[in-house]
Amino acid sequence: QKEFPVTMRNVVAEIPGLRDEWIVCTAHFDSTYLSKGSWDNMTGCIALLGIMEELKKTAPNNYGVRFVFCGGEEEDLYGSKNYLEMHKDEIDRMVLNINIDMIGETMGAFQACSTAEDKLSHYLSYLAMEIGWGMKTYDDVYSSDSTSFADKGIPAVTFARMCEGQYASFHNCYEIGRAS
């Protein structure tokens with residue numbers, strides 16, 4: 001692949017809710033030069049599209065939901081930072097960021113990394129257990145678009161599917177040509 005300067009864009013869709021408060025769902029659509037992007041992060045974008053389709057069926061819901069497909073995540077979170085800058089007058093009405101990044105790996109386990117109060121991690125652990133979905137939850141900073149929201153004081157959680165060690169690779173020469 002060739003590298004060249006580009007202009008990054010975000011794609012935004014929204015489903016208004018009954019309240020003037022928003023849950024912002026994010027996934028990035030850019031990739032690195034060492035990746036075709038099918039795993040990192042077309043899988044997250046596909047998940048957002050599926051969530052959007054399901055939530056449209058029950059709209060209007062209590063909270064409005066914005067779907068931000070971010071450009072420039074791999075280049076220093078440019079898309080999510082720009083989105084927040086362009087909507088800085090609405091930050092106090094953004095109640096949660098749900099970020100989806102790299103959920104297509106067949107090995108490993110789902111995880112949810114929260115930058116909110118630990119109550120969110122506990123709730124997610126309980127919910128996953130109740131529905132029989134294996135998922136590790138923890139409180140930390142996940143290096144993805146959720147970081148931009150957390151930096152602005154907005155509770156955020158990133159869902160990903162990861163493997164320990166070298167069993168699942170991304171951002172390296174082994175990702176090129178991976179089957180998606």
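In the chain, which longest range has no GluC sites (Glu not before Pro) that are both DSSP loop (not H, G, I, E or B) and surrounded by at most 11 other Cβ atoms within 10 Å? Show your work: numbers first, answer last.
Working: sites that count: Glu3, Glu117, Glu164.
After excluding every exposed loop site, the longest remaining stretch is 4-116.
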Inset, instruction - Can you send over the carbon and sulfur percentage of the accessible area for the chain, probe radius 1.4 Å, protein chains only? - result: 56 percent
Inset, instruction - Could you state how much accessible area Phe159 has, in square angstrom rounded to the nearest 10, with a 1.4 Å probe and all protein chains kept in place? - result: 40 Å²
Inset, instruction - Give the accessible area for Thr106 in Å² (nearest 10); use a 1.4 Å probe, count only protein heavy atoms, and leave out ligands, DNA and RNA. - result: 120 Å²
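Where does each of His28, His87 land when they are ordered by accessible area, with a 1.4 Å probe and the largest first? Walk me through the intermediate numbers first.
Values: His28 0, His87 50 Å².
Descending accessible area places them as His87, His28.
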Inset, instruction - Report the percentage of all Cα-Cα pairs in the range 47-136 whose separation exceeds 19 Å, rounded to a whole percent. - result: 57 percent
Inset, instruction - Would you work out which of Met42, Ser80, Pro16 lies farthest towards the positive end of the dipole of the range 10-80? Charges go on Cβ: Lys and Arg +1, Asp and Glu -1. - result: Pro16
Legend entry - Solvent-accessible surface (1.4 angstrom probe) belonging to Arg93, in square angstrom, nearest 10: 70 Å²
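Students sometimes get this wrong: rank Met42, Met94 by accessible area, probe 1.4 Å, all chains present, largest first.
Numbers: Met42 85, Met94 10 Å².
Result, largest first: Met42, Met94.
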Legend entry - Whole-Å distance, taken between Cα centres, linking the range 22-58 and the range 95-124: 14 Å
Inset, instruction - Report the extension gain between Asp92 and Tyr123 in nm, rounded to one decimal, defined as 0.36 nm multiplied by the number of residues separating them, less their alpha carbon distance. - result: 8.8 nm
Legend entry - Where the Cα pairs of the chain fall when distances are cut into 10 Å bins, in %: 10, 36, 38, 14, 2
Inset, instruction - Compare Tyr33, Tyr142 by solvent-accessible area with a 1.4 Å probe and give them largest first, with all protein chains kept in place. - result: Tyr33, Tyr142
Legend entry - Potential lengthening between Arg9 and Ala59 on full extension [0.36 nm per residue; Cα-Cα distance subtracted]: 15.3 nm
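The values are calculated or read from the model by the stated rules, or taken from the named source; none is laboratory data. Source: prediction; values computed, not measured. Because the Cβ atoms are built from the backbone with ideal geometry, glycine has one as well, and the counts that use them run over all protein chains shown. Side chains included, ligands, DNA and RNA excluded: accessible areas come from the protein's heavy atoms. Shrake-Rupley method; radii C 1.70, N 1.55, O 1.52, S 1.80 Å.
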